[in-house]
Every structure is written in structure tokens, then in C-alpha cells.
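Here is the structure we will look at, set down as C-alpha cells.
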Amino acid sequence: MPGPDGSQPAEPVGTPARLTLWQAVRQSWLIHPDWTVADHLAWLDDEAYDTGTLSRDPAEVVGRWLAEHSCTATLSAPVDDARVYVVAGGDMVAVFDHPDSAGIQHAVMEAAGLDASVYTLSATQWETVVPLARTGNPRLVISDTRTAPHREPS
């Protein structure tokens with residue numbers, strides 16, 4: 001923020017809002033698509049989410065949500081292809097090789113008011129998607145933080 005001595009950091013506004021139960025389930029599902037219902041419930045419990053507020057058995061409700069939101073479209077990729085975690089919001093895409101880093105970026109973007117999404121792809125799938133994304137949105141900023149030697153600078 002501009003000040004009498006030039007630019008200086010703004011005063012913090014407060015802590016970011018906590019995700020709702022369903023936002024938390026969605027985030028954990030996007031970052032960990034291989035988790036079971038029990039894994040999601042354990043994570044929710046560890047994060048102090050109250051699944052007791054659900055109208056039915058939490059395992060049934062979360063399991064149904066996960067089944068309804070499972071991705072059905074797949075792209076072919078080699079079995080040993082590395083996972084890529086993509087966080088997209090606004091005109092920005094951040095690419096990570098670790099799910100926790102993607103989760104942190106997602107939380108930051110959501111706290112900043114962006115409607116952000118997390119996608120898990122293989123490296124081969126990501127390389128297929130990049131040209132399509134750039135064609136559809138030439139202003140797209142892609143920040144690729146992966147350490148893999150084959151990645152291109154954005």
C-alpha cells in the first residue's frame with residue numbers, strides 16, 4: 001500500500017475463512033482422488049470438521065457425494081507417468097508435483113476470493129492440456145513449480 005515513505009505492506013485483514021464441510025471434501029477429493037471414504041472421513045476428523053451435523057450416516061453421505069463427483073473422462077497415460085497437481089483460478093494456473101503444495105495454493109486462491117479448482121493429472125495428460133488451455137485463453141498465466149527436468153518454462 002502506498003505510504004508516506006513509499007510502498008509498504010498492507011495491514012492484515014484477518015484470518016482466511018474456514019472451508020465448509022463440502023468445500024473441504026471437494027478439496028481433499030481433488031487432491032487425493034485415490035482416497036477411500038474412510039480416508040476422507042479420517043482427514044475431516046483430523047481437521048476438526050463435525051460430520052455429526054450430516055442428516056445421515058457420514059460414510060453414506062460422503063460416499064454418495066464422492067461417487068457422484070468422480071471423474072468419468074480419462075486420458076490415456078503410461079502407468080509410470082508422474083502425477084501433476086494443477087490449481088486453476090481466474091487467469092492463473094499453478095502446477096505442482098506434490099499434492100500438499102497444490103492444497104496450500106488452492107487455499108490461498110480461495111482466501112483471495114478466487115473460485116479455484118484443483119485437478120490431478122498425469123504429466124502426459126498435462127502436456128496434452130496445456131496447448132488447449134493456451135489456445136482457449138491466451139492471457140493465461142501458468143506457473144509451473146515442478147522439479148521435473150522435462151518441463152517447459154511458462
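Please find, within region 11-24, the residue that is farthest from Asp115 (Cα to Cα) out of those that are at pLDDT 70 or above and not polar (S, T, N, Q). Filtering region 11-24 for residues that are at pLDDT 70 or above and not polar (S, T, N, Q), the one farthest from Asp115 (Cα to Cα) comes out as Leu21.
Search region 134-154 for residues being within 20 Å of Leu30 (Cβ to Cβ) and surrounded by 16 or more Cβ atoms within 10 Å (Cβ to Cβ), and hand back the single one that is modelled with the lowest pLDDT. Within region 134-154, the match that is modelled with the lowest pLDDT is Leu140.
Examine region 87-94 for a residue that is crowded, with 17+ Cβ neighbours inside 10 Å, modelled with pLDDT of 90 or more and within 23 Å of His40 (Cβ to Cβ), and state whether such a residue exists. Yes, region 87-94 has at least one match.
Can you pull out every residue in region 25-46 that is out of contact with any Leu (no Cβ under 9 Å at 6 or more places or on another chain) and under 21 Å from Ser117 (Cβ atoms)? Those that are out of contact with any Leu (no Cβ under 9 Å at 6 or more places or on another chain) and under 21 Å from Ser117 (Cβ atoms): Leu30, Ile31, His32, Pro33, Asp34, Asp39, Trp43.
The values are calculated or read from the model by the stated rules, or taken from the named source; none is laboratory data. Here the structure is a predicted model, which means the values were calculated and not measured. A quick note on method: Cβ atoms are made from the backbone with ideal geometry, for glycine too, and the neighbour counts reach across all protein chains shown.
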